[in-house]
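Student: Pasting a structure below so you can have a look.
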2 protein chains.
Amino acid sequence: MRLDDPTPVSSPPRRLVRQSLADGVADELRRALIAGELADGAPIPEVHVATRLGVSRGPVREALIELERDGVVEFDSRGRSLVRPLTEEDFEEIFQLRLAIEPLAARLAAQRMTPEDHANFEGLLAGLDECGTWEKFHAWDVEFHEAILLTAHQRRLHAAWRTLKLQMARWLMELQRRRSLVTGHKLPQTIKYHRRLAALLIEGKAKAAETEMRWHIGVWGEWLPAVKAKA
Amino acid sequence: MRLDDPTPVSSPPRRLVRQSLADGVADELRRALIAGELADGAPIPEVHVATRLGVSRGPVREALIELERDGVVEFDSRGRSLVRPLTEEDFEEIFQLRLAIEPLAARLAAQRMTPEDHANFEGLLAGLDECGTWEKFHAWDVEFHEAILLTAHQRRLHAAWRTLKLQMARWLMELQRRRSLVTGHKLPQTIKYHRRLAALLIEGKAKAAETEMRWHIGVWGEWLPAVKAKA
DNA sequence: TGGTTGTGGACTGTTGACAATCGACAACCA
DNA sequence: TGGTTGTCGATTGTCAACAGTCCACAACCA
């Protein structure tokens, strides 16, 4: 890339973005949360995180606020932050919210799909072939749903969904750890369903995509028993 | 109230809550935003707010982050905060999101209504009689919808809705300022509809309340033309 | 012994100061 | 003149320190 060309680079590749320390701290906390390094209900003293990561308390504070918005951290009445325990009701809530958000997003995405989105989804669809394990598939799945939310072009809808994303990841890890997942679902079958949904989106069949997504989330909600077994 | 009684006061009345400066700053900014004292797109330098309110930049930072979550403030690439301009697309988005959230909330609220909630809604219903002006009614309306979201007992749903609340207030003020509101709607009629919705909730008719709310939001969405006229 | 009263430690809330970044505008030069 | 290079002011990012609050535990007393 030539650096003496004065025309600005507008598209994503090779653009320098300054990432604040707060963002870095948030990323690190997210990682730790998903990795299960922080137990449910464990306190997260600002000072500890700060010294551990070699920053001051300011950025840590901001990161914690960010994570509170994502629903994985909560502040007690005295302002101390702690890992928000996962409860069965949370799962139920997340289920309801997904049911409200994602079918709508699917409809809008199908309606508003541009040629670029089109190509994007074709690529995703192709990537599905390489999902030989549940682990790979789950990674693909998150990317897929995120793509739908992005394609819907609704900032607020996406923001609401984002707050669910991290929590779903935590559930997934927790369930995998207990090996209580994959409750009667076959991977090839699951992949088939996703292929179907992706096809509807690509074809721009808005109403059908919405219905399919509603059903899709419903299936996901069937994990609830596994969740109950854990809680 | 006796202060030498060791039993803690759990219910709302007379309980001392420490409000951080950040919360106070956020409240003040919210007020200014709704009052129209901050123009669309106007920068909000931390230092200005801090000196104006006699606090340091820390709490102001946190307040601005809070308002960004509420969707009324945005940060540019360099971290500077500014008043997020209201656009027609925003209104459309808010409409879609309300349509996804509130009917669901109404259904859940009707299902889960406790005797206390019951009394609460009865009180609200009575308060409707004193809404002689649109202004009073709008205040009542916000309280009403908030009560529904609270009664649904879904943290995340409520959180998603809260981010819309402030923005709706901004729209309302903006439209009132332009006198482009009340587009063919009569106040007594509007009050009648609300009375009907409230009755369904109180009677616990979940499905009917959900449908009514969907229609209700749909009517609200008819303000869109007025919004377009403004934008 | 049972309840009250210090006292220390662990945190958070808030602040003021310093460093870094960026736009605007002036100075400079080929 | 057109483009490049300083420089200044405005604003945010980050930090270290201080003050306030609360819990836990010990000391104390009736």
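Student: Picking from A:Gly41, A:Gly204, A:Gly221, which is most flexible by a Gaussian network model of chain A using Cα springs under 10 Å?
Tutor: Per the Cα network of chain A with a 10 Å cutoff, A:Gly41 tops the list.
Student: Could you work out the local net charge near B:Asp129, counting Lys and Arg as +1, Asp and Glu as -1, over the other residues with Cβ closer than 13 Å to its Cβ?
Tutor: Working: positive: B:Lys136, B:Lys192, B:Arg195; negative: B:Glu122, B:Glu130.
Residues close to B:Asp129 contribute a combined charge of +1.
Student: Subtract the Cα-Cα distance of A:Lys207 and A:Ala39 from 0.36 nm times their separation in residues, and report this length gain in nm to one decimal. Could you put the intermediate results ahead of the total?
Tutor: Details: separation 168, 0.36 × 168 = 60.48 nm, distance 4.20 nm.
Extra length from A:Lys207 to A:Ala39 when fully extended: 56.3 nm.
Student: Taking a point 7 Å out from Cα toward Cβ as the label site, list the nm distances between A:Lys192 and the same residue in every other copy, smallest first.
Tutor: In nanometres, ordered from closest: 5.5.
Student: Need the full-extension length gain, B:Asp76 to B:Lys186, defined as separation in residues times 0.36 nm minus the C-alpha distance. One decimal, nm. Please list the in-between numbers first.
Tutor: Numbers: separation 110, 0.36 × 110 = 39.60 nm, distance 4.19 nm.
Computed gain between B:Asp76 and B:Lys186 is 35.4 nm.
Student: Defining a contact as two alpha carbons under 8 Å apart and six or more residues distant in sequence, what relative contact order in percent does the range A:88-230 show? Kindly include the intermediate steps, with their values, before the conclusion.
Tutor: Working: 116 pairs, mean separation 68.0, N = 143.
Over the range A:88-230, the number comes to 48 percent.
Student: Still on this structure: Using alpha-carbon pairs under 8 Å, 6+ residues apart, how would you state the relative contact order of the range A:21-83 in percent?
Tutor: Numbers: 61 pairs, mean separation 26.2, N = 63.
For the range A:21-83, the relative contact order is 42 percent.
Student: Be a star and scan the range A:184-227 for residues whose amide nitrogen sits under 18 Å from the point 7 Å along the Cα-to-Cβ vector of A:Thr133.
Tutor: What the label zone holds, given the 18 Å backbone N cut-off, is A:186-188, A:191.
Student: As a quick test, which of the pairs A:Lys186/B:Lys207; A:Lys205/B:Lys207; A:Lys136/A:Lys186; B:Lys165/B:Lys207; B:Lys136/B:Lys192 have an alpha carbon distance above 26 angstrom in this structure? Please list the in-between numbers first.
Tutor: On the way: A:Lys186/B:Lys207 35 Å; A:Lys205/B:Lys207 28 Å; A:Lys136/A:Lys186 14 Å; B:Lys165/B:Lys207 24 Å; B:Lys136/B:Lys192 15 Å.
In this structure, A:Lys186/B:Lys207; A:Lys205/B:Lys207 exceed 26 Å between Cα atoms.
Student: Tell me, what ³J(HN,Hα) does each residue in the range A:121-138 have, in order and in whole Hz, if you take phi through Karplus 6.51 cos²θ - 1.76 cosθ + 1.60 with θ = phi - 60° and put x for Gly and Pro?
Tutor: These are the phi-based 3J(HN,Hα) values: 5, 4, x, 4, 4, 5, x, 4, 5, 8, 8, x, 10, 4, 4, 4, 4, 4 Hz.
Student: Now for a different question. Quantify how strongly other chains surround peptide B:91-98 by giving the mean number of their Cβ atoms within 10 Å of each of its Cβ atoms.
Tutor: Values: counts 0, 1, 6, 2, 0, 8, 9, 0.
Mean partner-chain Cβ count within 10 Å for B:91-98: 3.
Student: Which value at 222 nm does chain B reach when only helices count, each DSSP H run of 4 or more adding -39,500 (n - 2.57), with the total divided by all residues and rounded to the nearest 500 deg cm²/dmol? Present the calculation step by step, with values, prior to reporting the outcome.
Tutor: Details: 10 runs with 152 residues, N = 231.
Result for chain B, helices only: -21500 deg cm²/dmol.
Student: Still on this structure, I have one more. Label points 7 Å out from Cα along the Cβ direction at B:Glu92 and A:Arg177: separation in nm?
Tutor: Output for this residue pair reads 4.4 nm.
Student: Can you put A:Glu116, B:Glu210 in order of Cβ neighbours within 10 angstrom, beginning with the fewest?
Tutor: Numbers: A:Glu116 9, B:Glu210 21.
Ranking A:Glu116, B:Glu210 by Cβ neighbours within 10 Å, fewest first, gives A:Glu116, B:Glu210.
Student: Roughly what would the spin-label model give for B:Val55 and A:His118, points 7 Å off Cα along C-beta, in nm?
Tutor: Taking the simple label geometry, B:Val55 and A:His118 are separated by 5.2 nm.
Student: Let me ask something else. Roughly what would the spin-label model give for A:Glu222 and B:Leu125, points 7 Å off Cα along C-beta, in nm?
Tutor: For A:Glu222 paired with B:Leu125, the spin-label model returns 4.2 nm.
None of the figures in this text is laboratory data; all of them are computed from the coordinates on show. The structure presented is a predicted model; accordingly, all values stated were derived computationally and were not measured. Positions of Cβ are backbone-derived with ideal geometry, glycine not excepted, and every protein chain shown enters the neighbour counts.
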